[in-house]
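Step one of this worksheet: look at the structure below.
Every number here is computed from the coordinates shown, using simple stated rules; none is lab data. All of these numbers come straight from a predicted model, not from anything done at the bench. Cβ: placed from backbone, ideal geometry, glycine included. Neighbour counts: every protein chain shown.
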Amino acid sequence: MTAQVITLASGKGGVGKTTAVANIAVALAAEGSKVVCVDGDIGLRNLDVVMGLENRIVYDIVDVIEGRCKLRQAMIRDKHLPELYLIPAAQTRDKNAVSPSDMVRICNELRPDADYVLIDSPAGIERGFRNAIAPADRVLVVTNPEVSAVRDADRVIGILEAEEKRGTALIINRLNPALVKQHDMLSAEDVLDLLGIALIGIVPEDETVIVGSNRGTPVAQDPRSRAGQAFRNIAQRVRGEEVPFLDMDKQPGLWDRLQRMRGRK
Amino acid sequence: MNDLAAAIRIKGIRDGLLVSLPAAGWEDQRTALLAQIDGQQAFFNGARLALEVGAQVIKVNEMVELRDQLSERNVSLWAVISDSAATEQTSQLLGLATRISKPRPEEVANLDAEPIPEETALFLNRTLRSGTRIEFPGTVVVLGDINPGAELVAQGNIVIWGRLRGTVHAGCAGNKEAVVCALDLLPMRLEIAGEVLRLPAGWEAGKPEVALLRDGTVVLEHWQTGGMGQV
């Protein structure tokens, strides 16, 4: 096994990087891949919360770097999926506790016995982001269909191009088909047109994502969730399979139905 | 001697030009640099120069001499970057910078190719994304888009074979003849020689346009094939 190291980055905060990492990881692990998630947001960790592993943390990534424990000891096994692990971030330190070469070293140590290493990048384009992209074989850029998020994604893609990272692809998260139809939200086409990179997934806005994050059970495990389906599709595309994109119009999402009930349409 | 002049590397950076001198005696380096500048006066005229000298030790009087000789050629020396502590001290003594903000690849216009005086053009075969800023002392041709948040500043013309959505300034040193053209023109901001374009009300982008100065106002004209004479 030689793991592919995939970093999720966005520039702007709050677009759903952490949620996307947790869900894609769950979907990959549910299909039998061995997946290690690395929380790159030192000082503001929350991947552990989204994955529901918060109260199992003993050692974190800074402990590994500073030699207080072995890498194995910092890997927390998921409650449900035996092939899914998390290396949590330190909460009491900051980004300067980690260097890009530390990240490369840790990922190289993980590569021989995993299929995928998923790194959750912090927001911004500073040290933490540089750390997170340093070991990446490919970067998935997460954005929302909002002008500010797209602008930041463009900046991030520019930096990745300058660093000559290959295989960069885009995840458009929290798309609301109803708003797009009313021309109140950028469409996936608008976003792709501006950014000009490959698309790997569109995730519809879906309340179950928030509920799942709070409960620590990512929606990718919920067969009825539309967003969960979108994340499972992304996981399949990560594996190199061809999956058609969800038709946002055919099956109206919850939000769409709500709008209709309120008589807005 | 000629070999030395050829080994001088010149790069466009955010803050002007970065000139790297090959290892040699100081006297040879100085002569080669000045010869290079004299050979391309139009290109170097008015340039801000950052000099990279490696381990070379330069004494105060030597650096003063060079600074004066450069300023006679209308080139201002603002930084000397050196691995030698003695040279760094000398630079600091003369109030010169000893570090330049590290030129990131996205902000570097590489001028390694022999520039043609007056007609120096920079060809960029890519889209300029948000956060990119490129300055160039001549004409710039972009095969790609200028995205919102990207900035392109040129002393000459700006030709965009793509969409213009960001900020551009042509003729930034005051050349009123400079033009900006794009296949699809809807800039955040477009300036020619300091004058700002005001887009006409109800402006619809999507057609090739040329922006030029007419009586001190930036105007737009639809691009007509065979209409080169107008510009």
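Let me confirm the definition first: pairs of Lys residues in chain A, 8 or more apart or on different chains, C-alpha distance under 28 Å. How many are there? Total qualifying Lys-Lys pairs in chain A comes to 20. Principal semi-axes of the equivalent ellipsoid, √(5λ) from the alpha carbon gyration tensor of the range B:2-93, are 19, 15, 13 Å from largest down.
Between the beta carbons of B:ASP215 and A:LYS79, assuming R0 = 56 Å, the FRET efficiency works out to 0.15 to the nearest 0.05.
If you wrap the tightest convex hull around every Cα atom of the protein assembly as shown and split its volume per residue, you get 194 Å³. Each eigenvalue of the Cα gyration tensor of chain B, multiplied by 5 and square-rooted, gives one semi-axis; in descending order these are 39, 17, 15 Å.
Take the Cβ-Cβ distance between A:GLU109 and A:ALA162 as r, set R0 to 25 Å, and report the resulting FRET efficiency rounded to the nearest 0.05. Numbers along the way, then the final one.
Working: r = 27 Å, r/R0 = 1.10.
Working from the Cβ atoms, E equals 0.35.
Converting the Cα gyration tensor eigenvalues of the range A:176-229 into ellipsoid dimensions via √(5λ) gives semi-axes, longest first, of 25, 14, 9 Å.
Other residues whose C-beta falls under 12 angstrom from the C-beta of A:LEU199 contribute a net charge of -1, scoring Lys and Arg +1 and Asp and Glu -1. Along each principal axis, taking the top coordinate minus the bottom one, the Cα set of chain A gives 60, 40, 35 Å in descending order.
What shape does the range A:49-144 have by the C-alpha gyration tensor, where a ≥ b ≥ c are the square roots of the eigenvalues, rounded means a/c under 1.5, and otherwise prolate means a/b greater than b/c and oblate the rest?
rounded
As a calculated quantity, the FRET efficiency between A:SER99 and A:HIS183 at R0 = 51 Å, using C-beta atoms, amounts to about 0.65. Projecting label points 7 angstrom from Cα along Cα→Cβ for A:ARG56 and B:GLN69 puts them 7.0 nm apart.
Annotation: average projected area of the range B:119-230 is 6.5 square nanometres, based on the convex hull of Cα atoms across all directions.
Stretching the chain fully between B:ASP38 and B:LEU93 yields a gain of 17.0 nm (0.36 nm per residue, less the alpha carbon separation). Translational diffusion coefficient, Stokes-Einstein: compute it for the range B:153-198 using the Kirkwood radius over C-alpha pairs as Rh, at 25 °C and 0.890 mPa s, and state it as an integer in µm² s⁻¹. Once the numbers are plugged in, D ends up at 242 µm²/s.
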